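I have placed the structure first, in the form of structure tokens, so that the comments after it can refer back to it.
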Amino acid sequence: MKKIPDKEILLFKSCLVNLEYPGVESSTRYLFDKLDIEYIVSNRQSCCTGLGHYTDLFDQFSTTAIAARNFAVAREEGHKNIATLCSTCYAILKKSCNILNKNEEVRNKINNIFETSGLGNMEYIEDEMKSKDNIFHVAEILYSKSTEIENIFKIDLSHFKVASHHACHYCKAHHKDTIGNARDPMILETLANACGLDTVDWYDRKTNTCGNGFRQRYLNKDLSLSVTNEKLLSLKENDVDILLHMCPNCQMQFDRNQKYIGRSQATEFNIMHLNISQLVALALGADPYRVVGVQTHTVSLDPILKELKKKSID
């Protein structure tokens, strides 16, 4: 397994996390603090451009230039190990890093832009960052701490059955870097098991996309939601209570649309949606409102909250 750092980490902020599920970031900070993971958050960091890039508003060159700037910020902050909260940020940064290292023409053109703009300190040096050695998803950082989590979790959530939705931008865009089997990744299940939960390790449609595709939700709504519906039906057949996510876009697709899909199909799914950081934070005793941000979810998390009331919370 690739070496995963626990220090000199830049926690890469996500626009969708901040706008839709801010509890994902606060849960991650809570966990990093609990697990003695050394990290910073920089206000100098900019968006990865993911939403704009995948809807053809940002071309690859512009996206790579912005990534180069963010890499320079990480270098100047002394935290070159980037941990992303979003699988799209993960995919964008890794691809941009590979381009900067392999394409001298692009690298020189971007560095020239920095120089003529008075930002010569932002120059990207070949192999300064390695996509496999310096860019990670937060779930990978937590995965490396599974044993510690298993030894310190204190809230029993074993009443719930969970399944995973491993984002395509994590397990498909850079499949060679995926921990475990890219066709059947088990990172989220491993973390859930460390918290004492039973998991549905395989179910029909597990490897399907969420159906969003960035633009498909708006341009081909019926097709987009039909894909989501197929997965929800499979989860329902397996009596899943909680679907675990590692991408805010996927979480939005399921959480924001589940009730609409249910009404259109005359079906009640009753499946709750949590980012993996939110689940682990709850298991370690985080406040469900101030840290985990349960109030931002569309599908009610009342069953979890009722269970938590029986236990002590920090």
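Between residue 300 and residue 41, what FRET efficiency follows from the Cβ-Cβ distance if R0 is 30 Å, with the result rounded to 0.05? Intermediate results must be reported in sequence, preceding the final value.
Values: r = 30 Å, r/R0 = 1.00.
Calculated transfer efficiency: 0.50.
In region 169-271, what GluC sites (Glu not before Pro) fall in a loop by DSSP, with at most 13 other Cβ atoms inside 10 Å? Hits after loop and neighbour filter: 268.
Rounded to the nearest Hz, the phi-derived 3J(HN,Hα) couplings of region 90-99 under the Karplus curve 6.51 cos²θ - 1.76 cosθ + 1.60 (θ = phi - 60°) are 4, 5, 4, 5, 5, 5, 4, 4, 5, 4, where x marks glycine and proline. Taken one residue at a time, the phi angles of region 288-293 give Karplus couplings (6.51, -1.76, 1.60, θ = phi - 60°) of x, 9, 6, 9, 7, x Hz. Gly and Pro are set to x.
Under a Cβ-Cβ cut-off of 11 Å, what is the net charge of the residues other than residue 241 that fall near it, where Lys and Arg count +1 and Asp and Glu count -1? Don't skip to the answer; put the middle values down first.
Values: positive: 161, 236; negative: 198, 239, 307.
Residues near residue 241 contribute -1 overall.
Below 8 Å between Cα atoms, with a sequence gap of 6+, how large is the relative contact order for the chain in percent?
Working: 515 pairs, mean separation 65.4, N = 314.
It comes to 21 percent, rounded to a whole number.
Applying the Karplus relation 6.51 cos²θ - 1.76 cosθ + 1.60 with θ = phi - 60° to region 174-182 yields 3J(HN,Hα) values of 9, 4, 5, 9, 5, 5, x, 8, 4 Hz, where x marks Gly and Pro.
Taking 19 Å as the straight-line reach from the Cα of residue 102, the aspartates and glutamates in range (excluding those fewer than 8 positions away in the same chain) are 59, 123, 126, 127, 128, 133, 177.
Only counting other Cβ atoms within 10 Å, I'd like 308, 232 sorted with the fewest neighbours first.
Numbers: 308 20, 232 24.
Placing the least packed residue first, the sequence is 308, 232.
For region 154-308, the spread of Cα coordinates along the three principal axes comes to 43, 39, 28 Å, biggest extent given first. The GluC sites (Glu not before Pro) found in region 25-124 include none that occupy coil by DSSP while having at most 10 further C-beta atoms within 10 Å.
The alpha-carbon of residue 231 sits under 20 angstrom from the alpha-carbons of these lysines, leaving out residues fewer than 8 places away in its chain: 161, 172, 206, 221, 259.
Give the Debye-formula value of log10 I(q)/I(0) at each listed q (0.11, 0.12, 0.14, 0.18 Å⁻¹), with one equal scatterer per alpha carbon of region 9-137, two decimals each. Log10 I(q)/I(0), no solvent term: -0.37, -0.44, -0.59, -0.96.
Just want the answer: with Cβ charges of +1 for Lys and Arg and -1 for Asp and Glu, which residue in 194, 208, 284 is farthest toward the dipole's positive end in region 154-308? Positive-end residue among those listed: 208.
Each residue, residue 19 and residue 218, gets one label point 7 Å from its Cα in the Cβ direction; the gap between the two is 0.9 nm. Legend: residue pairs 34/176; 2/95; 109/132; 7/176, Cα-Cα distance threshold 27 Å; pairs beyond threshold, 34/176.
Residues whose amide H comes within less than 5 Å of that of residue 164, counting only those at least five positions distant or on another chain, are 244 (H built at 1.01 Å from N in the peptide plane). Taking N as the residue count of region 97-200, its C-alpha radius of gyration divided by 2.2 N^0.38 Å amounts to 1.53.
Using the empirical formula 2.2 N^0.38 Å as the baseline, the Cα radius of gyration of the chain reaches a ratio of 1.00.
Within a straight-line Cα-Cα reach of under 15 Å, residue 306 can be paired with the following aspartates and glutamates, leaving aside sequence neighbours fewer than 8 residues apart in one chain: 156, 241, 287.
We did not get these values from a lab; they are worked out from the coordinates using the rules stated. Since we're looking at a predicted model, the values are computed, not measured. Don't worry about glycine lacking a Cβ; one is built from the backbone with ideal geometry, like all the others, and counts go over all protein chains shown.
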